[in-house]
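> Take this structure, written in structure tokens, and hold onto it; I'll ask about it next.
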Amino acid sequence: MDTGPTKDGLLHTSDYLRYGRQMILDGFGLEGQVKLQRSSVVVVGAGGLGCPALQYLAAAGVGRIGIIDHDKVELSNLQRQILHSEQTIGQQKARSAAEAIQRTNSNVQVNPVTEMLNPLNAISLLQSYDVILDCTDNAPTRYLLSDTAVRLGKPLVSGAAQKYEGQLYIYNLGKDGPCYRCIFPKPPASQTAGTCEETGILGVVTGIIGNMQALETIKLITGLHDGNATLLLFSAIGSPAFRTIKLRARKPTCPACGQGEMSHIIEETDYITFCGGARPNWLEQGLMTG
Amino acid sequence: MDTGPTKDGLLHTSDYLRYGRQMILDGFGLEGQVKLQRSSVVVVGAGGLGCPALQYLAAAGVGRIGIIDHDKVELSNLQRQILHSEQTIGQQKARSAAEAIQRTNSNVQVNPVTEMLNPLNAISLLQSYDVILDCTDNAPTRYLLSDTAVRLGKPLVSGAAQKYEGQLYIYNLGKDGPCYRCIFPKPPASQTAGTCEETGILGVVTGIIGNMQALETIKLITGLHDGNATLLLFSAIGSPAFRTIKLRARKPTCPACGQGEMSHIIEETDYITFCGGARPNWLEQGLMTG
Amino acid sequence: MSTITVKVEFGGGLELLFGNKRVHSISLPSSVPTDGTIAPSNSETPPPAKSDDPPLPINGPIRDLTNGPGEAKTKPLDVQYLMHYLRTRLLTERPELFMEGDTVRPGILVLINDTDWELEGEGAYEISDGDDIVFISTLHGG
Amino acid sequence: MSTITVKVEFGGGLELLFGNKRVHSISLPSSVPTDGTIAPSNSETPPPAKSDDPPLPINGPIRDLTNGPGEAKTKPLDVQYLMHYLRTRLLTERPELFMEGDTVRPGILVLINDTDWELEGEGAYEISDGDDIVFISTLHGG
Ligand SMILES: [Zn+2]
Ligand SMILES: [Zn+2]
């Protein structure tokens, strides 16, 4: 069906048909489509947030997509992790998700990674991508992703969801955007940081936040984003359901992104102890000596 | 895997595992899950809005789902209609979508309908469902769906999306909620009502509105909805992106839902002429004599 | 006579009729003629209407306020006046897609501070300083 | 002495510490003691703090305002006082999950009228009538 590169930068002549509905938009155009096609995005976590984000990033034509997840698909995931299916129960989530998005768009280059992200591999796994999506489910990995995004100088589109609520931040945005440590310098006590398993989650809440992560990523890549670091709060049972919050600027005193930035913060942080021993259990995996 | 009905109303013992993450939520519980399982929802339009809505309704465990769409899958749909795939191009959208959601949840009873909804079949196609989702793309069908929802006394969760914007209404909600004609008694001139084909659409905008349609439907079924008819406005490039609007009550003078309600409004409305000759082309299909 | 500043927003495609700009800040006199006359920009009394937009060609009929000070029939600034002002001063093309007769055309919803204008008195709503008024076209796509 | 009414909202699970109620409307005196003392409910001067919540057991230390009228050190109502008020009067369990020392515990973000409180002076922000103050816990799930 596809007949090789076109003169103007699109990969295939059929792409005019596939992406035509967005290419005719004001402010998007052929230029936006070529930017998407030349871009690369890595999604950390192929769960409730990662699945919908991946779906729309692939459909929109992002050129290269990394998927990092070391978990396997379980029946309890299918209530919200909509790229997986009854047939892929027991498979690696990264591979199940990769196959699903390839069915939608075989032109996208997809790189599934089934290693667990940890302080030793984070830089090498993430450095080849333009934008990083935090679709994970625990505080230590969220701090690690933020520190790594700062080190690599890349925006981190971070989603979170629990029960009926969701939150969306873009960290390390542009010259002034705060990192996760600018806003939360100290991690919460581990007893307050529940997982979806413990606290529950209404599936479609992850859908809405994951969709917003895909949207913000597409805006960053195509230049539609206004550059302001805001926080989007969502409550499925609140009224109003959404509110947009103006956030502080990057803090000069931040140990990760500030002026006296610790150049070895990733290597010198024991993320598990830092977060009070919460998940993930890197200790069991022998990756860290706590 | 599934081992027959359980004593307390769930279909299968494995459902405790599948839906556990939402069943442990405050205000949801086993009761909410049984309500979902005993409910039926019909999604009119398996396109940009219908696909994400269907995905989360099926994943959450709605018992019976109807899908009404007479179109076939085209390459230009894959930018946003995320239940279809390169392999299902040329197939009926209703069947492609039905197969996709059955892969996620084989316990859901799915009824694909490949007829075009029209004034002669609307009542019979929609009357067996508890909630109706308007995921269509044209004004005449939107008026027809509203009039039919009023006649049947069912809530109509109506989404719309064009370019960078989306809108979500629930029509005919409870005793006081307005219908489409209460708010827009006269249809707009046809030259102002563009389709996605003509005006373009950023795919993930339909994702966000379709997700919100699934959410509102789940809230209506489980009793989590507060009963207020509001309008949600979304702009992917606006700030704030979302705003919630308080809507008027049902109008006593409305020809569809008011006190002097025309009992044959569906039979007596020529929806095509009413909407200035805009799509869909029921005339070509010989269904109406304009 | 005092001045009222109102935030006007367009959506659902209506922004295309207003120079493709979605948000406008507009200053208008708190007291305006009852007859729908839009004061010309160089008028001193009432004070000139201002906006943050560049000057635009005047599309509608402009009449001088010929009433003497004692005769001028005025009313508090309301949404009715604002609509006429927008059509006359801000609209750049196809006025028939914005208004029909004395109100917005079918398919347009007016929102006053995030509330359906029907709950606020529609055109008769008296505008306060800082109000946020949205004109939005209903969407049909999916 | 006048009274200020403030809307207080809890999210991200914090509502569980406050009777599982997300939105509270609270009336407080516009001038409060500087030393963090929370006036007892039966005090007449300053006027009693009120809220739309049912009376709750008092969890924190309550001292009488023993200063005479000329000696009482007061300050305008600020977020610092509000936090102590919430902990003392509204919180129903596990105070250590709300505050740590003199501020909110790590992982809680305070929002003043939809703005990060750090941009508004944090605890020193002086509360105006009608302000909307949100205490939200950061989420980690996905
Ligand atoms: Zn920082
Ligand atoms: Zn009606």
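> Given the options B:130, B:226, B:270, state which has the largest fluctuation in a GNM of chain B using a 10 Å cut-off (strictly under) for Cα springs.
B:226
> How far is helix B:50-60 tilted, in degrees, relative to the longest principal axis of the Cα atoms in chain B, given as a value from 0 to 90 rounded to the nearest 10?
30 degrees
> At a 1.4 Å probe radius, which order do B:99, A:165, B:31 fall into by accessible area, largest first?
Sorted descending by solvent-accessible area, the residues read B:31, B:99, A:165.
> How many percent of the accessible area of segment A:1-154 is carbon or sulfur, using a 1.4 Å probe?
Carbon and sulfur atoms account for 49 percent of the accessible area of segment A:1-154.
> According to a simple spin-label model (label point 7 Å from Cα along Cα-to-Cβ), what is the distance in nm between residue B:31 and residue D:7?
2.9 nm
> Taking all protein chains in place and a 1.4 Å probe, what share, in percent, of the accessible surface of segment A:234-275 do carbon and sulfur account for?
54 percent
> Provide the solvent-accessible area of residue D:102, counting protein heavy atoms only and rolling a 1.4 Å probe, rounded to the nearest 10 Å².
Solvent-accessible area, nearest 10 Å²: 100 Å².
> Just need the Rg to Rh number for chain B, please, alpha carbons only, Kirkwood Rh.
Using Cα coordinates only, the ratio equals 0.96.
> Convex hull volume of the Cα atoms in the protein assembly as shown, per residue, in Å³?
Cα-based convex hull of the protein assembly as shown, divided per residue, equals 200 Å³.
> Which far-off residues, 5 or more places away or on another chain, put their amide H under 5 Å from the one on residue B:160, with H placed in the peptide plane?
Amide H to amide H, under 5 Å and 5 or more residues apart or across chains, residue B:160 pairs with B:167.
> Classify segment B:27-67 from the C-alpha gyration tensor, please: rounded if a/c falls under 1.5, else prolate or oblate depending on whether a/b exceeds b/c.
Prolate, since a/c reaches 1.5 and a/b exceeds b/c.
> Can you work out ³J(HN,Hα) from phi for every residue in segment B:232-246, in order, using Karplus 6.51 cos²θ - 1.76 cosθ + 1.60 and θ = phi - 60°, giving whole Hz and x for Gly and Pro?
9, 9, 10, 10, 5, 10, x, 9, x, 6, 10, 9, 10, 10, 7
> Still on this structure, please answer the following. Given only helices, namely DSSP H runs of n ≥ 4 each adding -39500 (n - 2.57), what is the per-residue ellipticity at 222 nm of chain B, to the nearest 500 deg cm²/dmol?
Result for chain B, helices only: -8500 deg cm²/dmol.
> How do B:262, A:23 stack up against each other in accessible area, from largest to smallest, with a 1.4 angstrom probe?
B:262, A:23
> Convert each backbone phi in segment D:5-12 into a coupling constant with the Karplus relation 6.51 cos²θ - 1.76 cosθ + 1.60 (shift: θ = phi - 60°), then list the ³J(HN,Hα) values in order as whole Hz, x for Gly and Pro.
For segment D:5-12, the Karplus-derived couplings read 9, 10, 8, 10, 10, 10, x, x Hz, x marking Gly and Pro.
> Using a 7 Å offset from the Cα along the Cα-to-Cβ direction at both residue B:17 and residue A:264, what is the distance between the two label points in nm, to one decimal?
Here the modelled spin labels are 4.7 nm apart.
> Need the C-alpha centroid separation for segment B:251-272 versus segment D:67-132, integer Å.
What the calculation gives is 55 Å, centre to centre.
> For segment B:71-223, what value does the Rg/Rh ratio take when both radii are computed over Cα atoms and Rh is the Kirkwood radius, given to two decimals?
Ratio value, two decimals: 0.95.
> A further question on this structure: As a test of reading the structure, rank D:132, D:35 by solvent-accessible area (1.4 Å probe, protein chains only), most first.
Order by accessible area, largest first: D:35, D:132.
> Under 5 Å between amide hydrogens, which residues at least 5 positions from residue C:99 or on another chain qualify, with H placed 1.01 Å from N in the peptide plane?
Amide H to amide H, under 5 Å and 5 or more residues apart or across chains, residue C:99 pairs with C:105.
> What lysines sit close enough to residue B:219 to cross-link, taking a C-alpha to C-alpha distance under 23 Å and skipping anything fewer than 8 places away on the same chain?
A:163, B:35, B:154, B:175, B:246, D:21
> Which chain A residue comes nearest the axis with its C-beta when you rotate A onto B, and by how many angstrom?
Looking at chain A's Cβ atoms against the axis toward B, the nearest is A:242, 2.
> Additional query: Under 5 Å between amide H atoms, partner at least 5 residues away or on a different chain: which partners does residue C:75 have, H built in plane at 1.01 Å?
Under 5 Å from the amide H of residue C:75 lie the amide H atoms of C:32, C:34, each far enough along the sequence or on another chain.
> Please calculate the 1.4 Å probe accessible area of residue B:65, with all protein chains present, and give it to the nearest 10 Å².
Answer for residue B:65: close to 0 Å² accessible.
> At 0.36 nm per residue, minus the direct Cα-Cα distance, what do residue A:249 and residue A:116 gain on full extension? Give it in nm, one decimal, please.
44.7 nm
> Say a label goes 7 Å from Cα toward Cβ at residue A:268 in every copy; what distances in nm does this one have to the rest, shortest first?
Sorted ascending, the copy-to-copy spacings read 8.1 nm.
> On to the next question. Helix A:203-222 versus the longest principal axis of chain A: what is the Cα-based angle in degrees, 0 to 90, to the nearest 10?
Taking the Cα atoms of chain A, the angle to A:203-222 is about 70 degrees.
> Can you give the three extents of the C-alpha atoms in segment C:73-113 along their principal axes, from longest to shortest, in whole Å?
In descending order, the Cα extents are 30, 22, 19 Å.
> Give me a single rounded figure for A:156-167: the average over its residues of other chain Cβ atoms within 10 Å of their Cβ.
That average works out to 5.
> Ordered shortest first, which distances in nm separate the 7 Å Cα→C-beta label point of residue D:21 from those of the other copies?
In nanometres, ordered from closest: 4.7.
> Next question. If you take the accessible area of D alone plus A alone and subtract the pair, what total do you get in square angstrom, rounded to 100, with a 1.4 Å probe?
2700 Å²
> Average projected area of the Cα convex hull of segment C:93-142, in nm²?
For segment C:93-142, averaging the hull's shadow over all directions gives 4.7 nm².
> Helix A:93-104: angle to the longest alpha-carbon principal axis of chain A, degrees 0 to 90, nearest 10?
So the inclination is approximately 20 degrees.
> Also: Could you derive backbone 3J(HN,Hα) for segment B:114-119 from the dihedral phi with the Karplus parameters 6.51, -1.76 and 1.60 (θ = phi - 60°), listing whole Hz in sequence and x where the residue is Gly or Pro?
Whole-Hz 3J(HN,Hα) from phi for segment B:114-119: 9, 6, 7, 5, 8, x.
> Rounded to the nearest 100 Å², what's the accessible area chains A and B bury against each other, both chains counted, probe 1.4 Å?
The buried area between A and B, both sides summed, comes to about 5200 Å².
> Once the Cβ-Cβ distance between residue A:99 and residue A:8 is put in as r, and R0 is 35 Å, what FRET efficiency do you end up with, to the nearest 0.05?
Once rounded, the FRET efficiency stands at 0.70.
> Still on this structure, please answer the following. Using the heavy atoms of the protein chains alone and a 1.4 angstrom probe, what is the accessible area of the protein assembly as shown per residue in square angstrom?
Accessible area per residue, the protein assembly as shown: 38 Å².
The values are calculated or read from the model by the stated rules, or taken from the named source; none is laboratory data. These figures come from a predicted structure and were not determined experimentally. All Cβ positions, even for glycine, are placed from backbone atoms using ideal geometry, and neighbour counts span all protein chains on display. Ligands, DNA and RNA are stripped out before the accessible areas are found, and what is left, the full protein with its side chains, is counted by its heavy atoms. Shrake-Rupley method; radii C 1.70, N 1.55, O 1.52, S 1.80 Å.
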